[in-house]
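So the structure is just underneath, and the comments pick up after that.
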Amino acid sequence: MSTPLNAITALTADEISATVQKLGKWFHNIDLGGVQTAPDHFLGDYPRVKFQGFANAIPQDLTGKTVLDIGCNAGFYSIEMKRRGAARVVGIDSDERYLAQARFAAEVLGAEIEFKNMSVYEVAGLNEKFDVVIFMGVLYHLRHPLLALDLLYENVVKDVLIFQSMQRGSDQVDTLEYDYDFWETDIFNSPGFPVMYFIENRYSNDPTNWWIPNQAGMEAMLRSAGFEITAHPEKEVYITRKGEIKDKQPRAVYPPKQ
Ligand SMILES: C[S@@+](CC[C@H](N)C(=O)[O-])C[C@H]1O[C@@H](n2cnc3c(N)ncnc32)[C@H](O)[C@@H]1O
């Protein structure tokens, strides 16, 4: 189900175009009344091309649901969730330039979305759990990726987590034993063993790319943080549900519990 948004803007295409330019370089290509915000994106019509790969794996009708979009950028996914009828959508990002773009895009399209400048590490401050949490394209930008997943589990995910990370290395996923002997070392040479690649300097000329998992690594981290993978509709995208933390080991929780 797609709910039409209440586009109420009185701006002309020229005025929209001028503000789009003024707001700096866009990462999200969004159609604002015929004006494309990032028509020359190196990944094509992004993130629409990405969304097409998993749009059918998430509920078409989000009527009455609450949604949190972490690392929302210019709000493409927040707006799409609003189009699906979500009652309340909150988008957070740590970059004010992207938030200004998001606010303008939502205003032009008539989408009522709350955008906040907030880091994923601060989500406890929202004091709210959301039916659907979107965490797309942020994990590999973090120096502490597993901490972020633990914080989401503890503080904001009520039910569904829609997750995406850049992945590199092998797509092979080994079925592992629960435990290995100290002298078993060959297992670490298997391409299907969970791996996170650490980027000390640059990858894709982006100083914020720190950790890139292979597929086995990504799946293992999600499970370890308590998220059950219910669908894998696209190479990098996982639909998950909040489940049990199986090992009962303590997780880092910030801020500390009283
Ligand atoms: C590659 S973009 C992904 C944008 C969008 N989620 C998507 O999938 O198209 C990464 C976004 O994460 C934001 N970001 C990076 N570190 C963050 C952090 N610690 N907390 C919140 N957002 C962060 C960036 O500002 C940027 O908007």
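Taking the conditions exactly as written (away from the ligand (no atom under 12 Å from the Cβ), under 27 Å from A55 (Cα atoms) and surrounded by 17 or more Cβ atoms within 10 Å (Cβ to Cβ)), does E154 satisfy them or not?
yes
Could you list, in sequence order, the residues of region 43-54 that are touching a residue at least 24 places away in the same chain (Cβ under 8 Å) and more than 17 Å from F135 (Cβ to Cβ)?
R48
Keeping to region 128-137, report how many residues are within 9 Å of the ligand (Cβ to nearest atom) and crowded, with 22+ Cβ neighbours inside 10 Å.
Residues that pass the stated criteria total 3.
Under 7 Å between Cβ atoms, which residue pairs at least 6 apart in sequence (or on different chains) link something in region 119-143 that is within 18 Å of E234 (Cα to Cα) with a partner that is within 8 Å of the ligand (Cβ to nearest atom) and part of a helix (DSSP H, G or I)?
From region 119-143, the pairs are I134/Y77; M136/Y77; V138/V120; L139/A148.
With the structure loaded, tell me whether N6 is touching a Leu at 6+ places or on another chain (Cβ under 9 Å) and exposed (fewer than 14 other Cβ atoms within 10 Å of the Cβ) or whether it fails that test.
Criteria met by N6.
Checking K246 against (1) assigned to a loop (DSSP other than H, G, I, E, B); (2) at pLDDT 95 or above, which test does it fail?
So the condition that K246 fails would be (2).
Can you name the number of the only condition in (1) out of contact with any helix residue (DSSP H, G or I) (no Cβ under 9 Å at 6 or more places or on another chain); (2) within 19 Å of L139 (Cβ to Cβ) that Y77 fails?
(1) is the only condition that Y77 fails.
Step by step: first the residues of region 90-99, then only those that are within 12 Å of the ligand (Cβ to nearest atom) and of a type in the set (A, V, I, L, M, F, W, C), then the one that is farthest from E128 (Cα to Cα). Which residue is that?
L99
Please go through region 101-115 and give me each residue that is under 14 Å from T37 (Cα atoms), touching a residue at least 40 places away in the same chain (Cβ under 8 Å) and within 12 Å of the ligand (Cβ to nearest atom), ordered by number.
Residue satisfying the conditions is Q101 alone.
Return the residues of region 204-225 that are within 16 Å of the ligand (Cβ to nearest atom) and surrounded by 16 or more Cβ atoms within 10 Å (Cβ to Cβ); say none if nothing qualifies.
Answer for region 204-225, where residues must be within 16 Å of the ligand (Cβ to nearest atom) and surrounded by 16 or more Cβ atoms within 10 Å (Cβ to Cβ): N209, W210, W211, I212, P213, M218.
The values are calculated or read from the model by the stated rules, or taken from the named source; none is laboratory data. Treat the numbers as computed from the prediction; the structure is a model and nothing was measured. Here Cβ is always computed from backbone atoms with ideal geometry, including for glycine, and neighbour counts include all displayed protein chains.
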